[in-house]
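Engineer: There's a structure below that I have some questions on.
The values are calculated or read from the model by the stated rules, or taken from the named source; none is laboratory data. Since this is a predicted model, take the numbers as computed values, not measurements. Neighbour counts are summed over all protein chains in view; Cβ atoms, including those assigned to glycine, are modelled from backbone coordinates with ideal geometry.
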Amino acid sequence: MIAHRGRRAAAAAVWIIVGASLLALPGRTPSLRHLSPGVTTVVALGDSVPAGTACHCTPFPDLYAGLLSPRAEAVNLAHNGYTSADVRRQVGAASLRAPLAAASVVLIMVGANDMAGVFTGSTDTASYLAVAARIDDDVTATVRRIRAIHAGPQPAHVLVFGYWNVVEDGAVGRSDYDRDGLAAAESATRYANSALQAAAGRATAVYVPTYPAFKGADGSIDPTDLLAGDGDHPSARGHELIARAAYAVLPDG
């Protein structure tokens, strides 16, 4: 079975943070000096991971906003099934100019569906390279559009997230994929993450890796407990880890 990160569905909910159950990271105090005075607004764009599909929990954009400030607002505009091209079109819509202009931080997590669309369980390097190039182009254009909206003295911080896996992982992945399929999943994920990191660097965004948090730097950790029952989306614990990973790279400037 080939996993896709959600089918197209109704728009994700808009959540307002009134508090956070997560504890602050050890030895770190949130710094909001770089954010505009007043309410901190976090806008999330992307696929079913930031939308919170399958976890029946508070998704990581909302948790991240709560780490920044108890008064922060998270506007979750992520959609099930979205590709990098979908998000690129989304930020070009006139209706999104106002929420993006109001954002203090914009979170972007997209690209898994692009890669899952060509994933066959084989190491088809040519297909992965072609898709990675499209992801790079789309995410770069998306961040630059956000930068254009925020031209001025108070630019938004933009965080671009990588993936622990672009398809199934953990116990579900081991059940559904043979050895070659597991290797192909790792390969497809590396190509996607490389593209996302390159796009972030090219467009002066901050790249946030999630692979080490879920699987360890060398990929030796079993992420099953961090995944929902479908093996494809994060569990509540997984969303907490992603929020903390984002918080750890927050600029203090």
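Engineer: Under 8 Å between Cβ atoms, at least 6 apart or on separate chains: pull out the pairs that start in region 107-125 with a residue that is at positive phi and end on any residue that is among the aromatic types (F, W, Y).
Structural biologist: What qualifies is G111/Y163; G121/Y177.
Engineer: Since A148 meets every condition but one in (1) more than 26 Å from E186 (Cα to Cα); (2) crowded, with 24+ Cβ neighbours inside 10 Å; (3) not charged (D, E, K, R), which condition does it not meet?
Structural biologist: So A148 meets the others, but not (2).
Engineer: All but one of (1) of a type in the set (S, T, N, Q); (2) modelled with pLDDT of 95 or more; (3) in a loop (DSSP other than H, G, I, E, B) hold for T204, so report the exception by its number.
Structural biologist: So the condition that T204 fails would be (2).
Engineer: Of all residues in region 80-101, count the ones that are in contact (Cβ under 8 Å) with a residue 40 or more places away in the chain and more than 18 Å from R134 (Cβ to Cβ).
Structural biologist: Qualifying residue count for the region: 5.
Engineer: Which one of these is crowded, with 24+ Cβ neighbours inside 10 Å, under 27 Å from L226 (Cβ atoms) and at pLDDT 95 or above: V172, V166?
Structural biologist: None of the other options fit; the residue is V166.
Engineer: Moving on to the next point. In the list A198, A217, A185, which residue meets the criterion of being hydrophobic (A, V, I, L, M, F, W, C) and either part of a loop (DSSP other than H, G, I, E, B) or modelled with pLDDT under 95 (or both)?
Structural biologist: Step by step, each of A198, A217, A185 is checked, and only A217 is hydrophobic (A, V, I, L, M, F, W, C) and either part of a loop (DSSP other than H, G, I, E, B) or modelled with pLDDT under 95 (or both).
Engineer: Quick one: how many residues across region 177-211 are under 12 Å from the mean Cα position of the chain (by Cα) and surrounded by fewer than 16 Cβ atoms within 10 Å (Cβ to Cβ)?
Structural biologist: The qualifying residues number 0.
Engineer: Further, regarding this structure: Hey, any hits in region 218-230 for a residue that's touching a residue at least 24 places away in the same chain (Cβ under 8 Å), surrounded by fewer than 21 Cβ atoms within 10 Å (Cβ to Cβ), closer than 23 Å to Y128 by Cβ and not aliphatic (A, V, I, L, M)?
Structural biologist: Looking through region 218-230, at least one residue is touching a residue at least 24 places away in the same chain (Cβ under 8 Å), surrounded by fewer than 21 Cβ atoms within 10 Å (Cβ to Cβ), closer than 23 Å to Y128 by Cβ and not aliphatic (A, V, I, L, M).
Engineer: Moving on to the next point. Would you confirm, using the coordinates I've provided, whether V172 is touching a strand residue (DSSP E or B) at 6+ places or on another chain (Cβ under 8 Å) and over 19 Å from G46 (Cα atoms)?
Structural biologist: The answer is yes for V172.
Engineer: So is R134 of a type in the set (D, E, K, R), part of a helix (DSSP H, G or I), over 25 Å from D232 (Cα atoms) and out of contact with any strand residue (DSSP E or B) (no Cβ under 9 Å at 6 or more places or on another chain) or not?
Structural biologist: no
Let's see how each residue does on (1) in a helix (DSSP H, G or I); (2) among the β-branched types (V, I, T); (3) within 19 Å of the chain's Cα centre (by Cα); (4) within 22 Å of F214 (Cα to Cα):
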position: I108; (1), (2), (3), (4): no, yes, yes, yes
position: N113; (1), (2), (3), (4): yes, no, yes, yes
position: S127; (1), (2), (3), (4): yes, no, no, no
position: D138; (1), (2), (3), (4): yes, no, yes, no
position: N165; (1), (2), (3), (4): no, no, yes, yes
